[in-house]
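The structure under discussion appears below in the form of structure tokens.
Any read-out appearing in this document is the output of simple, stated calculations on the displayed coordinates, not a laboratory observation. As the structure is a computational prediction, the values presented were derived from the model and not from experiment. When we count neighbours, we look across all protein chains shown, and the Cβ atoms used for this are built from the backbone with ideal geometry, even at glycine.
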């Protein structure tokens with residue numbers, strides 16, 4: 001099978017939101033006093049996709065702790081929801097849009113039914129995220145705020161309960177969980193280690209691609225205190241949120257020798273800064289262990305598969321993105337490439353694979369040689385229509 005070329009190069013393909021005003025997002029509750037369920041999920045390009053039942057019809061939802069509940073316009077129409085009001089919402093790239101806030105009478109996930117749950121209504125009918133991942137909505141942190149969530153990637157199971165006795169955790173471990181904002185977004189403190197050490201508050205964002213993203217505001221502080229150092233800087237765009245591509249901006253490639261999460265050490269993390277207002281842990285953490293978020297007692301537990309995790313991540317000299325359904329150069333990190341490559345140049349071949357013949361959604365959801373390959377031969381077309389080739393090596 002031909003390997004495709006894009007899933008892991010979207011360093012910020014994520015869907016967390018910031019609500020522009022106070023809302024009644026903390027509404028809804030389970031119909032049962034105590035509950036326990038195991039939900040089988042599909043891993044599609046690093047996204048956790050779960051079945052959700054609304055009005056006796058089963059839909060596919062993204063399980064995203066970095067976002068609030070969200071449903072498509074089609075679902076709202078199917079169940080004749082009445083929109084209560086419009087609110088301003090910002091996505092992970094700080095792009096704003098008005099969205100309607102509605103109440104879902106009954107929503108069932110696993111064997112647990114939630115009554116009168118708040119959700120945003122996404123009114124667009126064509127969207128890269130919804131179309132490519134074939135989802136109808138998002139299960140967000142506001143639905144989970146009074147539950148215990150355990151994600152077990154080897155079994156591809158999400159446990160949802162309010163009974164701590166029914167899950168296995170090491171109560172001698174764990175870190176404090178802070179719930180922020182009207183959607184109860186889950187944050188924990190991690191430790192970064194380089195020349196010096198520091199703690200950083202990060203969002204646990206299961207809807208974000210990659211392992212870890214550092215926001216540029218935190219980077220500036222950490223760089224001043226010799227906790228992190230830039231590997232390279234570049235101008236461009238490398239991320240896609242629900243409302244589209246990020247604006248062009250200067251970002252930094254960063255290498256972190258060590259990171260500690262709940263006492264577990266991760267080594268050799270490579271990341272790119274983002275324009276978001278918070279750093280985050282993404283869905284790649286499930287390659288290294290189980291994760292339990294106890295929203296009730298405000299504790300998080302990481303259950304590693306190994307005694308230590310070495311990510312061995314390295315960078316390429318450029319980062320692709322998608323614009324107008326084409327794979328293009330989004331960021332240029334290597335100064336030597338700037339003499340040849342321009343932002344927006346179309347990438348037409350990767351290791352002899354004709355990218356122009358590939359479905360854009362498959363590019364998003366399948367494995368990426370930009371992550372797995374040490375050397376890439378790519379062919380591009382510049383703005384003047386000239387075709388050229390180059391070889392990229394990780395550094």
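Footprinting exposure proxy ranking of 267, 199, fewest other C-beta atoms within 10 angstrom first, gives 199, 267.
To the nearest 500 deg cm²/dmol, what mean residue ellipticity at 222 nm is calculated for the chain from DSSP H runs of n ≥ 4 alone, each contributing -39,500 (n - 2.57), summed and divided by the residues?
Result for the chain: -2000 deg cm²/dmol, rounded to the nearest 500.
Which residues in the range 249-265 place their backbone N less than 17 Å from a point set 7 Å from the Cα of residue 394 along the Cα-to-Cβ direction? Zone members listed by number: 253-258. Note on residue 307 and residue 387: the model spin-label points, each 7 Å out from Cα along the C-beta direction, lie 5.4 nm apart. Once you sort the root eigenvalues of the Cα gyration tensor of the range 69-221 as a ≥ b ≥ c, which label holds: rounded (a/c under 1.5), prolate (a/b larger than b/c) or oblate (the other case)? Oblate shape, in that a/c is at least 1.5 and b/c is the bigger or equal ratio. Subtracting the Cα-Cα distance of residue 98 and residue 157 from their residue separation scaled by 0.36 nm leaves 17.8 nm.
Here the contact order of the chain, divided by its residue count and restricted to Cα pairs under 8 Å and six or more residues apart, works out to 20 percent.
Between the beta carbons of residue 377 and residue 287, assuming R0 = 25 Å, the FRET efficiency works out to 0.35 to the nearest 0.05. Taking other C-beta atoms within 10 angstrom as a stand-in for reagent exposure, 391, 206 fall in the order 391, 206, fewest first. Based on a Kirkwood Rh over C-alpha pairs, give the Stokes-Einstein translational diffusion coefficient of the range 318-393 at 25 °C and viscosity 0.890 mPa s in µm²/s. Translational diffusion coefficient: 194 µm²/s.
Which order do 200, 223 fall in if you start with the one that has the fewest other Cβ atoms within 10 Å? Intermediate results must be reported in sequence, preceding the final value.
On the way: 200 20, 223 17.
Lowest count first: 223, 200.
DSSP bridge analysis restricted to the range 172-284 gives an antiparallel fraction near 90%, rounded to the nearest 5. When the P(r) of the chain is calculated, the portion above 34 Å amounts to 28% of the C-alpha pairs. Taking all Cα-Cα distances within the range 172-284, those exceeding 24 Å account for 24%.
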